[in-house]
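Asks: Below is a structure I'd like to ask you about.
Here, each number is a calculation from the coordinates, and none is a lab measurement. Computed from a predicted model, the values in this text were never measured in an experiment. Cβ: placed from backbone, ideal geometry, glycine included. Neighbour counts: every protein chain shown.
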Amino acid sequence: MPSRHSPGRYSGQEFDASLENSEGSDLVCLTPVAIWTDGTMRKASRTSRQLSILAGLLWPDITLDGEQGGVAFTGVVTAPPAKWDAVTGASGGLTPGSIYYLGDGTLTTARPTTPGEFEVIVGYALTSETMDLRISTPKVLGGVPKTTDYTIQPEDNGTLFTTAGASGTVIFTLPTWLPGFEVGFLVGASQILEVLAPGTDVIHHGNLASGAGGNAQSSHLGNGLWVASESSGLWTTRSATGSWSVT
């Protein structure tokens, strides 16, 4: 997790935290970064739930792979236009008055519209060199579509999945117990959406309980379900829309 220490400075500004770069490559100044599951940092991305939880912007300079780097996540950040260009793909620096969103390891003025991606506001450009950081909570756009069976991954924590476009049953296999893990499902086609417990895990839904390695199912368009990993071997529904069978 972030460790506070004597702040570094760039253009007279401090960074807020220090994290180890585990990207597998060097990261340039102002790269948007997220905290990975092991407490290190990687490039943030709007295509991944885990990586869309933005920690901040790399600050104040390039950070080599495996080394500690500063991260700025509050206040106003000022840097030469060329440094902003390296992470926006533009030229001449920021566009004053524009909102900047998280891209795929980049910053962009284009608001995301693709279902399954996450909308994250990074900040507002005050000048071509200055951004007021206003990092928002990731907002999933329409759910992540899956039309074939899928095994939920640790980085899917907090993700909403939908079966929009499916032509048959779609089975989502939950992961082994992860503290604080939760995931949502939305029936997006008139086909069975099955949430399958791993191994001998049990799913509790209201007064209902599945058998070991049981499941929850629904095929009614628009029905939804959020499940959470309460303890080792136990999954419980946090909320549900419509009727779900549990076996």
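Asks: For the range 84-137, what Kirkwood radius comes out of the mean inverse Cα-Cα distance, in Å? Display every interim value, and only then the final one.
Replies: Details: mean 1/r = 0.0891 Å⁻¹.
This gives a value of 11.2 Å.
Asks: Can you list residues whose amide H is under 5 Å from residue 55's amide H, if they're 5+ apart or on another chain and H is modeled 1.01 Å from N?
Replies: The answer is 33, 34, 35.
Asks: Starting at the first residue of the range 105-116, write each ³J(HN,Hα) from the Karplus equation 6.51 cos²θ - 1.76 cosθ + 1.60 with θ = phi - 60°, in whole Hz, x for Gly and Pro.
Replies: x, 9, 10, 8, 8, 7, 5, x, 10, 6, x, x
Asks: Please list, in chain and number order, the residues 5+ apart from residue 104 or on another chain whose amide H is under 5 Å from its amide H, with Hs placed from the backbone.
Replies: It is 46, by chain and number.
Asks: Pick out which of 153, 217, 50 has the largest mean-square fluctuation in a Gaussian network model of the chain, springs linking Cα atoms closer than 10 Å.
Replies: Looking only at 153, 217, 50, the largest GNM fluctuation is found for 153.
Asks: What is the extension gain from residue 99 to residue 176, computed as 0.36 nm multiplied by their sequence separation minus the C-alpha to C-alpha distance, in nm to one decimal?
Replies: Once the chain is fully extended between residue 99 and residue 176, it gains 23.8 nm.
Asks: Using 0.36 nm per residue, how much length does the chain from residue 128 to residue 169 gain when fully extended, once their Cα-Cα distance is taken away? Walk me through the numbers before you get to the answer.
Replies: On the way: separation 41, 0.36 × 41 = 14.76 nm, distance 5.09 nm.
The residue 128-residue 169 span can extend by a further 9.7 nm.
Asks: Just report the Cα centroid separation between the range 102-135 and the range 153-177, whole Å.
Replies: Cα centres, the range 102-135 to the range 153-177: 27 Å.
Asks: Would you calculate the volume per residue, in Å³, of the smallest convex hull containing every Cα atom of the range 36-77?
Replies: Considering the Cα atoms of the range 36-77, their hull volume per residue is 84 Å³.
Asks: What is the magnitude of the charge dipole of the chain about its Cα centre, with +1 placed on the Cβ of each Lys and Arg, -1 on the Cβ of each Asp and Glu, and no other charges, expressed in debye to the nearest 20?
Replies: Dipole magnitude for the chain comes out near 560 debye.
Asks: Spelling out what I want: for every residue of the range 194-209, take phi, set θ = phi - 60°, compute 6.51 cos²θ - 1.76 cosθ + 1.60 (Karplus), and round to whole Hz; glycine and proline get x.
Replies: Once θ is set to phi - 60°, the couplings for the range 194-209 become 10, 9, 9, 6, x, x, 9, 4, 10, 10, 9, 10, x, 8, 9, 9 Hz.
Asks: Here's another thing I want to ask about it. Could I get the Rg over Rh figure for the chain? Both from C-alpha atoms, Rh via Kirkwood, rounded to two places.
Replies: Across the chain, the Cα-based Rg/Rh ratio is 1.06.
Asks: In percent, how large is the relative contact order of the range 142-246, given Cα pairs closer than 8 Å and 6 or more residues apart?
Replies: That works out to 24 percent.
Asks: Considering amide H positions built from the backbone, and no H for Pro or chain starts, which residues 5 or more places from residue 116, or on another chain, come under 5 Å of its amide H?
Replies: Correct list: 141, 142, 143.
Asks: Tell me, what is the percent relative contact order of the range 9-139, built from C-alpha pairs under 8 Å that lie six or more residues apart?
Replies: 24
Asks: Next question. Tell me, what HN-Hα J-couplings in whole Hz come from the Karplus equation 6.51 cos²θ - 1.76 cosθ + 1.60 at θ = phi - 60° for each residue of the range 224-236, using x for Gly and Pro?
Replies: Result, rounded to whole Hz: x, 8, 10, 10, 10, 8, 6, 7, 4, x, 10, 10, 10.
Asks: A further question on this structure: What does a probe at residue 232 reach in the range 167-188, counting residues whose amide N is under 20 Å from the point 7 Å along Cα→Cβ?
Replies: Correct set: 174-182.
Asks: Let me check against my output: what whole-number percent is the relative contact order of the chain, with C-alpha pairs under 8 Å and at least 6 apart?
Replies: RCO, the chain: 12 percent.
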